[in-house]
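What follows is calculated from the coordinates using simple rules that are stated; it is not laboratory data. These figures come from a predicted structure and were not determined experimentally. Counting neighbours? That spans all protein chains shown, and the Cβs are built from the backbone with ideal geometry, glycine included.
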Amino acid sequence: DEPDRARIVGALERAGGVIAQAAADLGLSRQALYRRMDRHGIPRE
């Protein structure tokens, strides 16, 4: 859903694209964040 996608994008922006930091900010593992990014079509830059 869109709010989840927006939270992920915001966390990635705050973390400067550092996946581990964004995942920690969201309370997720890196793997869980990657799965959600894939689900929402967010590129793994």
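Say we look at the stretch 27-45 and pick out the residues that are part of a loop (DSSP other than H, G, I, E, B) and among the hydrophobic types (A, V, I, L, M, F, W, C); which of these is farthest from residue 2 (Cα to Cα)? Outline the logic, then answer.
Initial filter on the stretch 27-45 (part of a loop (DSSP other than H, G, I, E, B)): 27-29, 41-45.
Right, trim to among the hydrophobic types (A, V, I, L, M, F, W, C) and you get 28, 42.
Numbers: 28: 18, 42: 12 Å.
Out of the qualifying residues, it is 28.
Any idea which residue in the stretch 9-26 is surrounded by the fewest Cβ atoms within 10 Å (Cβ to Cβ), counting only those that are in a helix (DSSP H, G or I), aliphatic (A, V, I, L, M) and out of contact with any Leu (no Cβ under 7 Å at 6 or more places or on another chain)? Before you say what the answer is, go through the steps one by one.
Restricting attention to the stretch 9-26, the residues satisfying the condition of being in a helix (DSSP H, G or I) are 9-14, 19-26.
Among the residues that remain, those that are also aliphatic (A, V, I, L, M) are: 9, 11-12, 19-20, 22-24, 26.
Checking which are out of contact with any Leu (no Cβ under 7 Å at 6 or more places or on another chain) leaves us with 9, 12, 20, 24.
Details: 9: 14, 12: 21, 20: 11, 24: 15.
Once the filter is applied, the top-ranked residue is 20.
What single numbered condition from (1) surrounded by 12 or more Cβ atoms within 10 Å (Cβ to Cβ); (2) of a type outside the set (Gly, Ala, Ser); (3) assigned to a loop (DSSP other than H, G, I, E, B) fails to hold for residue 4?
Of everything listed in (1) surrounded by 12 or more Cβ atoms within 10 Å (Cβ to Cβ); (2) of a type outside the set (Gly, Ala, Ser); (3) assigned to a loop (DSSP other than H, G, I, E, B), residue 4 misses just condition (3).
In contact (Cβ under 8 Å) with a residue 12 or more places away in the chain and not β-branched (Val, Ile, Thr): is that true of residue 15 in this structure?
no
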